[in-house]
């Protein structure tokens, strides 16, 4: 067998080839490790591109101020009169009905005066009723007397008519007796008898006529006396009635004064605020006592920057409100919808007033109340991210030029 003898050159060539193979292996391994990274990045960019081209994002306009208000304006209750507060019957946040008493002012003097007037006019009512009865009875007596006198006079007129008929007959008999006496047929005695009968008939008519005059005068006198009595009763009745009515007016005035010192809720709703810490405070006429929030739906009154809102915020757009004091992590945001947008900016053109309808979800409505503040975000547009990117680039180019 031949023996191969290697020199230094042959060893160097072998070492060089081994090193090259090692470097090649390392390079291949390094390229293999980058392949997953590149693939992952490519997938991410592809997903982002699809999202930017397909999906949409909400463009929001955020309010500068926002406050929850009752749909009906809050009602301010002022003191109608001056006085010391003796009772405070409600607390802030308490529900009240229209007419419920809220605050009572001192009214002891008015109440005592009212009782005194009521006590004074009570006997007047009895006197008035008694005079009414007397007046009715006197009027009935007068009517009865008038009817009786008319009946009596009618009877006398009938008797007078009968007596005059008899008188006419006696006169005719007397004339006949004189004619017969003149003819010699009748005797003077017959004439005397007819003359006596004539005189009796004349006396009867005269007596009846006098009796009628007397009865007519008596009836007229009785009617005048009864009329005077009725007039006197009417004067007394009017005097007592006037005193009673004046007393009732005084009682009603005092009752009104007492009622003015019991301050009542003008509307059904909730006590929004009280200006009285406790009883014992003196109120002057016109001082604010309480604010009543009427029962009804709630709405949002918000103001936006005119530069951001004009031409962008419009009725019907959805919105959400972050309520101060209610952490959104637990409470969430309250859905709302734009109802009205002011046509002209306020505050010198710096702000736009917007009114939104609340659309609270389950469990939210009971936590919302008049006076709460927060931040409103109105969705004014929904656009693709790619569109927004192109807008930003275009704006940047415009600013640069």
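Read-outs: derived from the displayed coordinates by stated rules, not from any lab. All values derive from a computational prediction rather than experimental measurement. Ideal geometry is used to build each Cβ from the backbone, glycine not excepted, and the neighbour counts take in all protein chains shown.
Observations
- Spacing of the two label points (7 Å from each Cα toward its C-beta) at residue 141 and residue 252, in nm: 3.5 nm
- Translational diffusion of segment 90-129, µm² s⁻¹ [Kirkwood Rh, Cα pairs; Stokes-Einstein; 37 °C; 0.692 mPa s]: 243 µm²/s
- Largest-first ellipsoid semi-axes for segment 266-385, taking √(5λ) over the Cα gyration tensor eigenvalues, angstrom: 33, 20, 12
- Segment residue 260-residue 375, length gained on full extension (0.36 nm per residue, minus Cα span): 37.2 nm
- Förster radius 56 Å - calculated FRET efficiency between residue 132 and residue 287, Cβ distance, rounded to 0.05: 0.70
- Put in order of Cβ neighbour count within 10 Å, fewest first, the listed residues 85, 189 become 189, 85.
- Average Cα contact separation per residue, segment 225-312, under 8 Å, 6 or more apart, as relative contact order %: 24 percent
- For segment 73-116, backbone nitrogen atoms closer than 19 Å to the point 7 Å from residue 301 Cα along Cα-to-C-beta are found at 73-78.
- Proportion of all alpha-carbon pairs of segment 128-274 beyond 21 Å (%): 71 percent
- Potential extension, residue 150-residue 217 segment - 0.36 nm per residue separation minus Cα distance: 22.9 nm
- Modelled spin labels at residue 189 and residue 330, positioned 7 Å past Cα toward Cβ, are 14.6 nm from each other.
- With the biggest extent put first, the Cα atoms of segment 66-114 measure 51, 18, 17 Å across the principal axes.
- A Förster radius of 25 Å, combined with the Cβ-Cβ distance separating residue 243 from residue 112, puts the computed FRET efficiency at roughly 0.75.
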